[in-house]
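Some notes on the structure that comes next.
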Amino acid sequence: MKEHHPRHIGFELRQVANIIRREIDNAVSKRNIEKLTGMQGRVIGYLCHNGEKEIFQRDIEAEFSIRRSTATTMLQTMEKHGLIKRAPVEYDARLKRILPTDIAVTRHKIFEEEINRVENQVLNGITKKEAETLLSILNKIKNNLGE
């Protein structure tokens, strides 16, 4: 007789997340876009979605809950690879505004296209009510885990 193994929600969530990430990575690689680290992609997204604001390193540190040294290293790498540029502000010579380059904006648009495509694929056959229920449950799980 076959033994029944319980399905663990954490394991199932991780599998789905891995499949989604792999799907996006494959699509991006087919479009010959150089891969970014997850954090670099999120920073570019943050910069692109907040283009009307002046964003400084301290804002990135706060937004992503990272240490100053981590942010410095990551931003230096991104600048070296042509993904961001730092621009002085008129009112304080010590401050440098962080801006996405055209390369970063182009990559961000491609990533967003692929994320939206995969999101539509994920939601295929799922009603709006089911999707809302899933999001509500996921929020409860995050709250339970202290996020």
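For Ile20, the stated conditions hold: it is touching a residue at least 24 places away in the same chain (Cβ under 8 Å), open to solvent by 40 Å² or more (accessible area, probe 1.4 Å) and within 28 Å of Val118 (Cα to Cα). For the stretch 57-67, the condition holds for at least one residue, the condition being that it is of a type in the set (S, T, N, Q), touching a residue at least 24 places away in the same chain (Cβ under 8 Å) and over 13 Å from Met39 (Cα atoms). Given the criteria assigned to a strand (DSSP E or B), at pLDDT 95 or above and either over 29 Å from Leu138 (Cβ atoms) or of a type in the set (Lys, Arg) (or both), does Leu75 qualify? Considered against the rule, which asks whether it is assigned to a strand (DSSP E or B), at pLDDT 95 or above and either over 29 Å from Leu138 (Cβ atoms) or of a type in the set (Lys, Arg) (or both), Leu75 comes out as no. Within the stretch 89-147, the set of residues being outside any helix (DSSP H, G or I), out of contact with any strand residue (DSSP E or B) (no Cβ under 8 Å at 6 or more places or on another chain) and surrounded by 11 or more Cβ atoms within 10 Å (Cβ to Cβ) comprises Leu123, Ile126. Evaluated against (1) in a helix (DSSP H, G or I); (2) modelled with pLDDT of 95 or more, Ile55 falls short on exactly one condition, (1). Scanning the stretch 85-122 for residues that are touching a residue at least 40 places away in the same chain (Cβ under 8 Å) and among the hydrophobic types (A, V, I, L, M, F, W, C) returns Ile98, Leu99, Ala104, Val105, Ile110, Phe111, Ile115, Val118, Val122.
Restricting the stretch 46-82 to residues that are in contact with a strand residue (DSSP E or B) (Cβ under 9 Å, 6 or more places away or on another chain) and either acidic (Asp, Glu) or more than 15 Å from Arg97 (Cβ to Cβ) (or both) leaves a set whose member that is surrounded by the most Cβ atoms within 10 Å (Cβ to Cβ) is Asp59. Within the stretch 32-40, is there a residue that is polar (S, T, N, Q), surrounded by 11 or more Cβ atoms within 10 Å (Cβ to Cβ), closer than 27 Å to Glu113 by Cα and touching a residue at least 40 places away in the same chain (Cβ under 8 Å)? Yes: one or more hits.
The values are calculated or read from the model by the stated rules, or taken from the named source; none is laboratory data. Quantities reported herein were computed from a predicted structural model and do not represent experimental measurements. For neighbour counting, all protein chains shown are included, and Cβ atoms are generated from backbone atoms with ideal geometry for every residue, glycine included. Side chains included, ligands, DNA and RNA excluded: accessible areas come from the protein's heavy atoms. Shrake-Rupley method; radii C 1.70, N 1.55, O 1.52, S 1.80 Å.
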